[in-house]
1. Within the stretch 89-99, is there a residue that is out of contact with any Cys (no Cβ under 8 Å at 6 or more places or on another chain), at pLDDT 90 or above and basic (K, R)?
2. Can you name the residue in the stretch 61-84 that is of a type in the set (A, V, I, L, M) and over 13 Å from K35 (Cβ atoms) and is also farthest from the chain's Cα centre (by Cα) among such residues?
3. Residue pairs, Cβ under 9 Å, 6 or more apart or interchain, first in the stretch 1-21 and more than 14 Å from I52 (Cα to Cα), second among the small types (G, A, S). List them.
4. Search the stretch 20-71 for residues being surrounded by 13 or more Cβ atoms within 10 Å (Cβ to Cβ) and aromatic (F, W, Y), and hand back the single one that is modelled with the lowest pLDDT.
5. Residues to consider are K80, K86; find the one that is within 30 Å of M127 (Cα to Cα), open to solvent by 20 Å² or more (accessible area, probe 1.4 Å), in contact (Cβ under 8 Å) with a residue 24 or more places away in the chain and not in a helix (DSSP H, G or I).
6. Regarding E36, is this residue among the acidic types (D, E), out of contact with any helix residue (DSSP H, G or I) (no Cβ under 6 Å at 6 or more places or on another chain) and in a helix (DSSP H, G or I)?
7. Collect the residues in the stretch 44-64 that are assigned to a helix (DSSP H, G or I) and either free of Cβ contacts under 8 Å to residues at least 12 places away in the same chain or among the β-branched types (V, I, T) (or both), keeping them in residue-number order.
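The values are calculated or read from the model by the stated rules, or taken from the named source; none is laboratory data. This one's a predicted model, so the numbers in the text were calculated from it and none came from an experiment. All Cβ positions, even for glycine, are placed from backbone atoms using ideal geometry, and neighbour counts span all protein chains on display. Accessible surface is based on the protein model in full, side chains and every heavy atom, while ligands, DNA and RNA are left aside. Shrake-Rupley method; radii C 1.70, N 1.55, O 1.52, S 1.80 Å.
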Amino acid sequence: MEIIELARKPEIKRNIRLRKRLMNLRKLLCELNKKELPFDVLESINEKVEEINLFKGSEKFLAFKVRRVLRFIFKLVENKLKIVPKSYYRTRWILLGMIIIGIPLGLIIGLVIGKMVYAGLGIPAGMVIGLFIGETKDKKALAEGRQLDLEL
């Protein structure tokens, strides 16, 4: 069983944001078709694609719906199959590095030196550490074949 193809919507010409979202969804579905997916995951994805294909509302609500479907599919394949897009872990770990590592490290540096002016040094250090961890995880996901050839 394959993923249902997303229907073309020729009436959408002016809404550039909606066209980009639909293009991203098509790319995602194309990439997922290349992977071997379990039946329950395929069924869930096909339900959501069919909802978009049958949608008869305004462009604004369609854009909202497409965004929700994209998010749903990403979460589904990430949680059930551990399949992620390119640079997924890098972007996630840069933020986590700044918050989890950088802020406490900056506070420790400020307290050790005795001047809290140096507390801001921890955030860039945490960002670099998070970048390193994220890149390592992305390389591991690529080596295991769990990375989509898609960056969103």
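1. Taking every residue of the stretch 89-99 in turn, at least one turns out to be out of contact with any Cys (no Cβ under 8 Å at 6 or more places or on another chain), at pLDDT 90 or above and basic (K, R).
2. So the first thing to find is which residues in the stretch 61-84 are of a type in the set (A, V, I, L, M), and the list is 62-63, 66, 69-70, 73, 76-77, 81, 83-84.
When the remaining residues are screened for being over 13 Å from K35 (Cβ atoms), the result is 62-63, 66, 69-70.
Working: L62: 20, A63: 17, V66: 14, V69: 12, L70: 9 Å.
Once the filter is applied, the top-ranked residue is L62.
3. N15/A63; R17/A63
4. So, considering only residues that are surrounded by 13 or more Cβ atoms within 10 Å (Cβ to Cβ) and aromatic (F, W, Y), the one modelled with the lowest pLDDT is F55.
5. Working: K80 fails: not in a helix (DSSP H, G or I).
When all the criteria are applied, what remains is K86.
6. Working: among the acidic types (D, E): yes; out of contact with any helix residue (DSSP H, G or I) (no Cβ under 6 Å at 6 or more places or on another chain): yes; in a helix (DSSP H, G or I): no.
Taking the combined requirement at face value, the residue does not satisfy it.
7. I45, E47, V49, I52, K60, F61, F64 - these are the residues of the stretch 44-64 that are assigned to a helix (DSSP H, G or I) and either free of Cβ contacts under 8 Å to residues at least 12 places away in the same chain or among the β-branched types (V, I, T) (or both).
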